[in-house]
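Q: Below: one structure in structure tokens.
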Amino acid sequence: MTLLDARGVTVQFGGLTAVSDVDFVIPEGSIVALIGPNGAGKTTFFNVLTGLYQPSYGEVLFDEQSVLGVPPHAIAARGMARTFQNIRLFGAMTASENVMVAMHPHLRSGVASTILRLPKQRHEERDARAVAKELLEFVGIGGTDDEFAKNLPYGDQRRLEVARALALRPKLLLLDEPTAGMNPQESAAFTAFVHRVRDERGITILLIEHDMKVVMGTAERITVLEYGAKIAKGTPAEIRADHRVIEAYLGKSATEGAA
Amino acid sequence: MMVLVWAIGVLVFTFAVVRFVFRQDQNKAGLAAIGLTIAVILPHLGFTKDTGSFFPIFTVVLCAVYALFALGLNVVVGFAGLLDLGYVAFFLFGAYVGAWLMSIFAVNVSESWRDINIHFLDAAKPDFPGIHLSFWLVVIIAGVVAAIAGVIIGAPTLRLKSDYLALVTLGFGEILPEVFRNGDDLAGLNLTNGTKGIGPIDNVGMGFLDVIPGVPKTIRSSDFQTKYYVILVFCGLFVWVSLKLRDGRLGRAWMAIREDELAASLMGVPLMRTKLWSYAVGAVAGGVGGAFYATIVGTVNVDNFTFQFSIIILCAVILGGMGNVWGSILGGVVITWFNYTGLVYISEKSGFDLKQYEFAFFGLVLVVMMLFRPQGFIPAARTKQVRQADKEMLATQEVAV
């Protein structure tokens with residue numbers, strides 16, 4: 001079954017075409033990667049999916065419903081969660097609170113029940129805290145519940161972003177350069193972690209990544225963008241052999257030299 | 001003597017409740033007990049009865065009213081991080097609701113209202129014409145009207161960010177008093193009495209105490225002492241509301257918006273709704289305080305509602321410590337004391353006319369605060385801890401260099 005279906009997505013900023021006529025399909029339960037050189041339009045494409053940008057042309061169906069014109073919070077509530085290329089945590093909030101913010105669409109208590117401290121609200125809060133604790137353990141930073149996000153080490157902040165995204169109970173998790181700034185051991189551990197998220201929680205994953213080891217180690221399907229256009233798609237083996245991809249990354253002479 | 005007994009009673013009771021019911025540590029319980037005891041005993045201390053003293057009763061009451069305003073604005077500025085320079089709008093709505101529903105004014109609205117005479121559990125004489133509703137009902141209406149005004153003002157303005165929001169709210173704060181100034185002939189109706197203002201406004205009714213046996217006669221009269229306790233209760237209720245909301249689902253969403261609006265929306269927080277809630281909750285304090293203010297001053301005049309008011313309340317929140325309810329109260333009290341009594345009192349005692357340099361003085365205080373204690377008198381717990389961690393990190397970096 002197709003979870004996400006983007007057709008002919010084009011994003012123009014004035015005269016600049018950041019994303020040009022991209023078709024993109026994500027089957028449910030898969031791990032898909034979006035790669036390309038810097039400035040290829042990968043993050044712009046993410047921003048279209050999550051509702052931050054409206055495409056100039058094209059259509060995006062998530063779970064068979066259009067996301068165009070839907071505000072970001074509503075798309076998130078429908079089950080699309082993301083992390084950010086440059087970490088965007090709520091700095092002055094604790095790890096646990098960060099995670100609980102993303103439970104917002106799933107919590108029910110309103111203003112009146114909060115002020116009156118009704119038992120229902122108190123139980124809901126207690127359960128939410130327990131879920132947050134469990135998620136922090138799942139991403140490997142258990143015990144940091146009461147630490148301020150700002151004070152966590154860099155690697156833990158990246159993990160906290162994933163925990164926060166998972167709190168939305170997403171169907172689709174978008175990871176924007178999740179291993180940026182990680183060393184090879186951390187990246188390898190992250191590769192295994194991505195598989196765990198998919199296998200244990202049944203969450204479909206789309207990742208933008210520059211580290212080819214991580215991409216080849218996680219993704220089942222890869223799509224390559226260059227200058228906003230899709231230049232290739234296929235399995236990791238196919239992409240590795242595709243001379244247009246090699247050209248995009250290494251320049252023309254690289255393929256000529258090989259030939 | 002009675003005062004002393006009361007003081008000890010309140011002290012012990014508060015300490016016990018905070019320590020054992022709310023399970024706070026000794027220091028917190030002690031501070032809470034001392035703070036509440038001072039607040040409760042204040043109007044019974046001798047100096048408050050002397051209008052020339054450093055803290056006359058009228059200033060005491062005003063301090064409490066401004067503390068309520070500061071608590072309200074703290075929800076908007078401190079919790080949700082929305083810079084609102086038009087808080088005066090909510091004060092204005094609250095005060096005019098009080099004036100409309102608790103005075104003779106309704107007979108002036110139009111010719112056909114000439115004989116209007118509505119009374120409902122009020123403190124006015126039954127044959128006094130106009131609309132006279134119970135103060136307690138009016139306070140609720142004022143809160144609701146202010147909240148609705150908050151949503152109406154917020155709906156178009158809250159789409160803007162930081163500086164733009166500040167400018168537009170400032171504009172609203174300037175426009176509304178002008179509308180009320182010229183509201184004495186709107187489509188043939190006199191809705192605001194223009195520059196002449198509305199008065200006299202009825203007192204706080206304490207008639208409900210009659211049904212409780214054994215209540216001493218002294219607290220039945222609507223004097224400033226009694227009114228002070230009324231506003232103290234409102235402040236207490238709003239502290240509760242602030243704290244509970246802050247620690248709940250809505251409070252987390254406010255803080256997330258304050259920290260990173262874009263990330264918050266991508267984590268499922270509806271921005272408009274959440275911001276509107278902060279406006280509405282903050283406006284309730286403005287409306288309730290406004291209606292109360294109308295009854296203690298006795299008249300409502302459009303000249304009371306100035307941009308300066310919005311700035312003073314904002315200063316109170318910043319001085320006290322943004323995001324901290326206790327700081328907001330302290331900030332509101334300190335600023336109001338200087339504004340209404342302190343400057344004059346100091347001028348009289350020292351012979352130096354400080355009152356003349358009022359704005360220079362406030363400016364100086366703000367600059368000094370920003371230099372030496374930018375986080376305010378009582379910073380929010382999280383501000384304190386994050387700042388501490390920042391300092392430690394800087395220290396380790398310096399060592400590393």
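The values are calculated or read from the model by the stated rules, or taken from the named source; none is laboratory data. Keep in mind it's a predicted model, so treat the numbers as computed, not measured. Note that each Cβ is placed from the backbone with ideal geometry, even for glycine, and that neighbours are counted across all protein chains shown.
Q: I'm trying to understand the selection: among the residues of region B:348-401, which are among the basic types (Lys, Arg) and either within 14 Å of chain A (Cβ to nearest Cβ) or closer than 29 Å to B:Trp326 by Cα (or both)?
A: Within region B:348-401, the first condition is being among the basic types (Lys, Arg), and the residues that meet it are B:349, B:355, B:373, B:382, B:384, B:387, B:391.
Answer for region B:348-401, where residues must be among the basic types (Lys, Arg) and either within 14 Å of chain A (Cβ to nearest Cβ) or closer than 29 Å to B:Trp326 by Cα (or both): B:Lys355, B:Arg373, B:Arg382, B:Lys384, B:Arg387, B:Lys391.
Q: Show me the strands (runs of 3 or more DSSP E) entirely contained within region A:1-58 in which 2 or more residues are free of Cβ contacts under 8 Å to residues at least 24 places away in the same chain.
A: Strands (runs of 3 or more DSSP E) meeting the threshold: A:16-27.
Q: Taking into account only those residues within region A:134-153 that are more than 12 Å from every other protein chain (Cβ to nearest Cβ) and surrounded by 18 or more Cβ atoms within 10 Å (Cβ to Cβ), which is nearest to A:Arg169 (Cα to Cα)? Steps first, please.
A: Of the residues in region A:134-153, the ones more than 12 Å from every other protein chain (Cβ to nearest Cβ) are A:134-145.
So of that shortlist, the ones also surrounded by 18 or more Cβ atoms within 10 Å (Cβ to Cβ) come out as A:135-136, A:138-139, A:141, A:144.
Numbers: A:Leu135: 11, A:Leu136: 14, A:Phe138: 14, A:Val139: 14, A:Ile141: 19, A:Thr144: 21 Å.
For region A:134-153, the residue satisfying everything is A:Leu135.
Q: Here is a further query. Limited to region B:98-115, what total is found for residues that are more than 26 Å from the chain's Cα centre (by Cα), within 20 Å of B:Ala142 (Cβ to Cβ) and not in a helix (DSSP H, G or I)?
A: Total meeting the criteria: 1.
Q: Looking only at helices (runs of 4 or more DSSP H) that fall completely inside region B:283-401, which ones have 2 or more residues that are buried (at least 23 other Cβ atoms within 10 Å of the Cβ) and touching a residue at least 24 places away in the same chain (Cβ under 8 Å)?
A: Hits in region B:283-401: B:307-320, B:325-337.
Q: Next up: Would you tally the residues in region A:123-143 being within 26 Å of the chain's Cα centre (by Cα) and in a helix (DSSP H, G or I)?
A: 12
Q: Within region A:84-122, restricting attention to residues that are of a type in the set (Val, Ile, Thr) and part of a helix (DSSP H, G or I), which residue is surrounded by the fewest Cβ atoms within 10 Å (Cβ to Cβ)?
A: Among residues in region A:84-122 that are of a type in the set (Val, Ile, Thr) and part of a helix (DSSP H, G or I), the one surrounded by the fewest Cβ atoms within 10 Å (Cβ to Cβ) is A:Val111.
Q: Sort out which residues of region B:242-259 are surrounded by fewer than 24 Cβ atoms within 10 Å (Cβ to Cβ) and more than 7 Å from every other protein chain (Cβ to nearest Cβ), and write them in order of number.
A: B:Leu243, B:Arg246, B:Asp247, B:Gly251, B:Arg258
Q: From the list A:Ser96, A:Ser109, exactly one residue is within 14 Å of chain B (Cβ to nearest Cβ) and at pLDDT below 90. Which is it?
A: A:Ser109
Q: List the pairs whose first member sits in region B:123-143 and is at pLDDT below 85, whose second member is among the acidic types (Asp, Glu), and whose Cβ atoms are under 7 Å apart, counting only residues at least 6 apart or on separate chains?
A: Filtered contacts from region B:123-143: B:Ala123/B:Asp202; B:Ala124/B:Asp202.
Q: Do we have any residue at all in region B:150-159 that's closer than 30 Å to B:Phe208 by Cα and without any contact (Cβ under 8 Å) to a residue 24 or more places away in the chain? Write out each step before concluding.
A: The first filter runs over region B:150-159 and keeps only residues closer than 30 Å to B:Phe208 by Cα, leaving none.
Scanning region B:150-159, I find no residue that is closer than 30 Å to B:Phe208 by Cα and without any contact (Cβ under 8 Å) to a residue 24 or more places away in the chain, so the answer is no.
Q: Regarding region A:62-72, can at least one residue be identified that is within 10 Å of chain B (Cβ to nearest Cβ), crowded, with 21+ Cβ neighbours inside 10 Å, within 22 Å of the chain's Cα centre (by Cα) and modelled with pLDDT of 95 or more? Walk me through it before giving the result.
A: The initial filter retains those residues of region A:62-72 that are within 10 Å of chain B (Cβ to nearest Cβ), namely A:71-72.
Those left that are additionally crowded, with 21+ Cβ neighbours inside 10 Å: A:72.
Filter again for within 22 Å of the chain's Cα centre (by Cα), leaving A:72.
With the extra rule that they be modelled with pLDDT of 95 or more, the set shrinks to A:72.
Yes: region A:62-72 contains one or more residues that are within 10 Å of chain B (Cβ to nearest Cβ), crowded, with 21+ Cβ neighbours inside 10 Å, within 22 Å of the chain's Cα centre (by Cα) and modelled with pLDDT of 95 or more.
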